[in-house]
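> Structure incoming, see below.
The values are calculated or read from the model by the stated rules, or taken from the named source; none is laboratory data. Note that this is a predicted model, so its numbers are computed, not measured. Heads up, the Cβs are rebuilt from the backbone with ideal geometry, glycines too, and the neighbour counts pull from every protein chain shown.
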Amino acid sequence: MATVAEDVIAAVGTAPGEAGIAVIRVSGPGCARVVERIFRGRQSLQDAPSHRMVYGAVVDPDTAEVLDEVLAVRMQAPRSYTGEDVVEIHTHGGSAVVGRVLNAVVRAGARPAEPGEFTKRAFLNGRLDLSQAEAVIDLIRSKTDAARRLALEQLKGGLSTRVKQMREILLDVMAQIEVTIDYPEHDVEDVTIEQIREAVDQVREQIDELLASSRVGRLVREGVRTAIVGRPNVGKSSLLNALAGRERAIVTAIPGTTRDVVDEWIHVRGVAFQILDTAGIRTTEDEVERIGVERSLKWVAEADLVLCVLDGSSPLEKEDLELLDRIKDRPFLVVVNKIDLPGRLAGDGRLEKLPQHRMVRVSARTGDGVQELADRMAQVVLKGEGVSASSCMVTNVRHMALLEEAREDLDAAERAVSEGWTVDVAAVDLRAAWEHLGDILGERAGEELLNRIFSQFCLGK
């Protein structure tokens, strides 16, 4: 387990570039003394009440040149982000000012912070567990309101609470097993096989619920790769432009205009969709177009959602029918385009067999039905699982892997009691599940894991 640092670190906590203000964050035991060496105000920072702004100036530690007029605030441990003593210096936001003030803080005795070091210290000081610390970077990177809500719920401890509840159930039954094994002469009730099974079932049910949420959680966090596919000239590029609300792709009447994938991001119900306009799927002798068709078929297999576009003004063709066969096992919507033209769509009856919620009729040219399509896309992805302020969904691959390992441990414990092994054998697997759940919170996190996680953070966080 990594140890708590004792030195003072400093970094700019706001984005680079010109701004009204910038914040320089200083953390560690004695950080107020360090800042005091370059701060000139009517009141000493060390004497000022915690969390109270103090007006003053920052000066060069060697020449006493005034570098900027600032507001500084001391936050006494443990009531700070890192759980240590923290000083924040609010300067004017010009890059020259910020650079000189940060340099002065370092020359006064601090050292430049490493990426994510403030959050790492918050974890080491017990202010956050590891799942909460990981939520910080998710919150910083969130591009949609749904992603923000999920990250904030995890930061507030939503996932941590669920994990702790599961560990408590396992700990109770493990304690009963230990007592019956270690003190058989005492008048205590032996743990029963049924009690072990009940604990396993309770925890496994919660794990399955969290793992089931991971699909939606991942899509909300990373975005939904949505492939628009179809034969040439069914209006795929026009549909991309209609969804994007701007001219993103080239639209012509010439078949095969789109030869490579064109993408655009849109937001629907707080979820980000990466819309991919692919090459028209048909048999072709053109080598460049053929490569584009191969990429289109690859996206059919790999996309999170497939929009199969049909031309509602013409009968179904062989390529349409082949594509409908390809997408039947994928998350898909059939988009009947060109409803502003006389309808001539006809085929072999398979469209009539499609569930109505899988088909949307639109006109990419006039915009009719496009909003309904966007809403239907969100419905297919979320499957009724709205992302509310209290949603607890697993979005992190590390958490998913640990939940799956814990589930395997619980399966092993159940097999042990079912096959007639003594309860101490089951206890080994129960403890393994308990430890894997604890790893989500960082109970056994070593320096290598922490460095890998926190190196993804920006400086100052």
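> Is it the case that Val394 is of a type outside the set (Lys, Arg), under 21 Å from the mean Cα position of the chain (by Cα) and under 30 Å from Trp299 (Cβ atoms)?
So Val394 passes the test.
> A follow-up question, please. Output the number of the condition that Ala104 fails; it satisfies all remaining conditions of (1) out of contact with any Ser or Thr (no Cβ under 9 Å at 6 or more places or on another chain); (2) surrounded by fewer than 22 Cβ atoms within 10 Å (Cβ to Cβ).
Condition (2) is where Ala104 drops out.
> Further question: Any residue in region 445-458 that is under 13 Å from Asp129 (Cβ atoms) sitting within a Cβ distance under 9 Å of a residue that is at pLDDT below 90? List the pairs, counting only those 6 or more apart or interchain.
Taking only residues 6 or more apart or on different chains, the pairs are Ala445/Met1; Ala445/Ala2; Leu450/Ala2.
> Is it the case, given these coordinates, that Val66 is surrounded by 19 or more Cβ atoms within 10 Å (Cβ to Cβ), at pLDDT 95 or above and not charged (D, E, K, R)? I'd like the intermediate steps shown before the answer.
Working: surrounded by 19 or more Cβ atoms within 10 Å (Cβ to Cβ): no; at pLDDT 95 or above: yes; not charged (D, E, K, R): yes.
Spelling it out, it is not the case that Val66 is surrounded by 19 or more Cβ atoms within 10 Å (Cβ to Cβ), at pLDDT 95 or above and not charged (D, E, K, R).
> Is there a residue being over 24 Å from Leu297 (Cβ atoms) and in a helix (DSSP H, G or I) anywhere in region 313-329?
no
> Keeping to region 69-81, report how many residues are over 23 Å from Arg121 (Cβ atoms) and surrounded by fewer than 17 Cβ atoms within 10 Å (Cβ to Cβ).
So the answer is 2.
> Filter region 429-461 down to the residues that are aliphatic (A, V, I, L, M) and in contact with a helix residue (DSSP H, G or I) (Cβ under 7 Å, 6 or more places away or on another chain) and list them by number.
Leu430, Ala432, Ala433, Leu437, Ile440, Leu441, Ala445, Leu450, Ile453
> If a residue must be modelled with pLDDT under 90 and either surrounded by fewer than 16 Cβ atoms within 10 Å (Cβ to Cβ) or under 19 Å from Ala135 (Cα atoms) (or both), how many such residues does region 181-212 contain?
14
> Taking region 393-411, which residues are part of a loop (DSSP other than H, G, I, E, B) and of a type outside the set (A, V, I, L, M)?
Selection gives Thr395, Asn396.
> If you don't mind, there's one more thing I want to ask. Which of the following residues is of a type in the set (D, E, K, R) and under 30 Å from Val216 (Cβ atoms): Asp340, Asp325?
Values: Asp340 fails: under 30 Å from Val216 (Cβ atoms).
Criteria check complete, one pass: Asp325.
> Would you say Arg215 is at pLDDT 85 or above, of a type in the set (Lys, Arg) and part of a helix (DSSP H, G or I)?
no
> Something else: Working carefully through the options Ser296, Ser313, find the one that is under 11 Å from Val229 (Cβ atoms), small (Gly, Ala, Ser), in contact with a Gly (Cβ under 9 Å, 6 or more places away or on another chain) and modelled with pLDDT of 75 or more.
Sole residue among the options that is under 11 Å from Val229 (Cβ atoms), small (Gly, Ala, Ser), in contact with a Gly (Cβ under 9 Å, 6 or more places away or on another chain) and modelled with pLDDT of 75 or more: Ser296.
> Kindly list, by first and then second residue, each pair from a residue in region 82-104 that is in the same structural domain as Glu69 (by TED's automatic domain parsing) and over 21 Å from Asn125 (Cβ atoms) to a residue that is part of a loop (DSSP other than H, G, I, E, B) and aliphatic (A, V, I, L, M), limited to pairs with Cβ atoms under 8 Å and residues at least 6 apart or on different chains.
Gly93/Ala19; Ala104/Ile38
> A follow-up question, please. May I ask you to verify whether Ala227 is of a type in the set (Gly, Ala, Ser), buried (at least 24 other Cβ atoms within 10 Å of the Cβ) and under 20 Å from Ala378 (Cβ atoms)? Steps first, answer last, please.
On the way: of a type in the set (Gly, Ala, Ser): yes; buried (at least 24 other Cβ atoms within 10 Å of the Cβ): yes; under 20 Å from Ala378 (Cβ atoms): yes.
Yes, satisfied.
> Residue by residue through region 221-248, note down the ones that are under 29 Å from the mean Cα position of the chain (by Cα) and either modelled with pLDDT under 80 or in a loop (DSSP other than H, G, I, E, B) (or both).
Listed by number, the residues that qualify are Gly223, Gly245, Arg246, Arg248.
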